[in-house]
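Please read the structure below before turning to the comments.
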Amino acid sequence: MTQDKKKVSPSCASCPYDMPDMICMYSTGSSHKGCPTVSRKKVLAQANREYESAEGGWFARQASIQEASCYANRHERPYVMQPTKTRIVEICEFAKRMGYKRLGLVFCVGLKSEAAAVEKILKKYGFDVVSVCCKAGRTSKDLLGIEESDKIFQGTDEAMCNPIFQAMVLNEEKTELNVLLGLCVGHDSLFFKHAQAYTTVLAVKDRVTGHNPLAAIYLQGTYYKKLVAGPTEKDEP
């Protein structure tokens, strides 16, 4: 067992300090028991070496420049953050910075109209777009041994979502950056694993909140208080 593995597992989400007082933000900041900035020096050095590579360094540099460009009037003092760009604009600008010309768009068939709008925007920015929906290939869920009770439309030969096929098609098309729109939990993971090009996320699926999963987090003290209480036995899958 390595020295790093003996340490307390990182728990940045539980950090008790505000951003101005965090050691990962400022050298004068403080750390808590699960702070990887303090406890994982060896891993940090290894990670930072990756940025010395031509690909990793260039990609990270452009991402950092893109991040700053999303805020206006950064020269003002005192500076107050003023965000100015939407996610779709940021994706287009970043792809331009990277010199990409061929983008992949993978989406849930339930967001077909949204995908059409996104594809149109990407093309307006001058990109060649390859788009593949989740049901492409019409592979039956029978391939996975799905019981009738576990189908959405029971009693039918239901087509399964096929993120591995989506990834392989885009790999074959040699896309340079993939944009993910609304794939299900698990299906998105399979796409990430099998896609050869870098992938960014425009939106994730949340059937209840209009694909805005943070709505439930923001309302955990009121309408979604049940989240804080935790699942009951009947909620277990």
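A few points about this structure:
- Whole-Hz couplings from phi, Karplus 6.51/-1.76/1.60, listed for segment 168-175; x for Gly and Pro: 5, 5, 5, 4, 5, 7, 6, 5
- Treating r as the C-beta distance of Glu173 and Asn48 and R0 as 30 Å, the FRET efficiency rounds to 0.35.
- Within the same chain, lysines fewer than 8 places from Lys135 are excluded, and of the rest, those with a Cα less than 27 Å from its Cα are Lys101, Lys112, Lys120, Lys123, Lys124, Lys151, Lys174, Lys193, Lys205.
- Multiplying each eigenvalue of the alpha-carbon gyration tensor of the chain by 5 and taking the square root yields semi-axes of 34, 27, 21 Å, largest first, rounded to whole angstroms.
- Farthest towards the positive end of the charge dipole of segment 165-222, among the residues Phe165, Ala197, His211, is the Cα of His211, using unit charges on the Cβ of Lys, Arg, Asp and Glu.
- Computed with a 1.4 Å probe over protein heavy atoms only, the accessible area of Phe94 comes to about 30 Å².
- Entry note: segment 11-146 has Rg to Rh equal to 1.09, where both radii use alpha-carbon atoms and Rh is the Kirkwood radius.
- Rg and Dmax, both from the Cα atoms of segment 30-94 and both in Å, are 16.1, 40.
- A Cβ-based charge dipole, computed about the Cα centre of segment 60-139 with Lys and Arg at +1 and Asp and Glu at -1, lands at about 220 debye.
- Listed residues Ser149, Ser64, Ser14, most fluctuating in the chain (Gaussian network, C-alpha, under 10 Å): Ser14
- Magnitude of the charge dipole, the chain, Cβ model with Lys/Arg +1 and Asp/Glu -1, debye to 20: 720
- Degrees separating the helix 87-97 axis from the principal Cα axis of the chain, which is the longest one: 70
- Total charge dipole magnitude, segment 179-237, about the Cα centre, Cβ charges on Lys, Arg, Asp, Glu only, Debye to nearest 20: 100
- Virtual paramagnetic centre 7 Å along Cα→Cβ of Lys96, amide N under 11 Å, in segment 197-225: none
- Nearest 10 degrees, 0 to 90: helix 54-69 Cα axis against the chain principal axis: 80
- Mean Cβ count within 10 Å, highest first, over the residues of peptides 171-181, 33-43: 171-181, 33-43
- Orphan Cys of the chain, criterion: no other Cys C-beta under 4.7 Å: Cys12, Cys15, Cys24, Cys35, Cys70, Cys92, Cys108, Cys133, Cys184
- Only one residue of Leu122, Val109, Cys133 has its Cα farthest out toward the positive end of the dipole of segment 108-166, where Lys and Arg carry +1 and Asp and Glu -1 on Cβ, and that residue is Leu122.
- Ranking Tyr79, Tyr223, Tyr26 by solvent-accessible area of protein heavy atoms (1.4 Å probe, all protein chains present), from largest to smallest, gives Tyr223, Tyr26, Tyr79.
- Over segment 84-222, the pair-distance histogram of Cα-Cα distances with 5 Å bins from zero comes to 2, 10, 18, 20, 19, 14, 9, 6, 3, 1 percent, rounded to whole numbers.
- Degrees, to the nearest 10: 41-50 long Cα axis against longest axis of the chain: 60
The values are calculated or read from the model by the stated rules, or taken from the named source; none is laboratory data. Since the model is a prediction, treat every value here as computed from it, not as a measurement. All Cβ positions, even for glycine, are placed from backbone atoms using ideal geometry, and neighbour counts span all protein chains on display. Please note that ligands, DNA and RNA were not included when accessible areas were found on the heavy atoms of the full protein model with its side chains. Shrake-Rupley method; radii C 1.70, N 1.55, O 1.52, S 1.80 Å.
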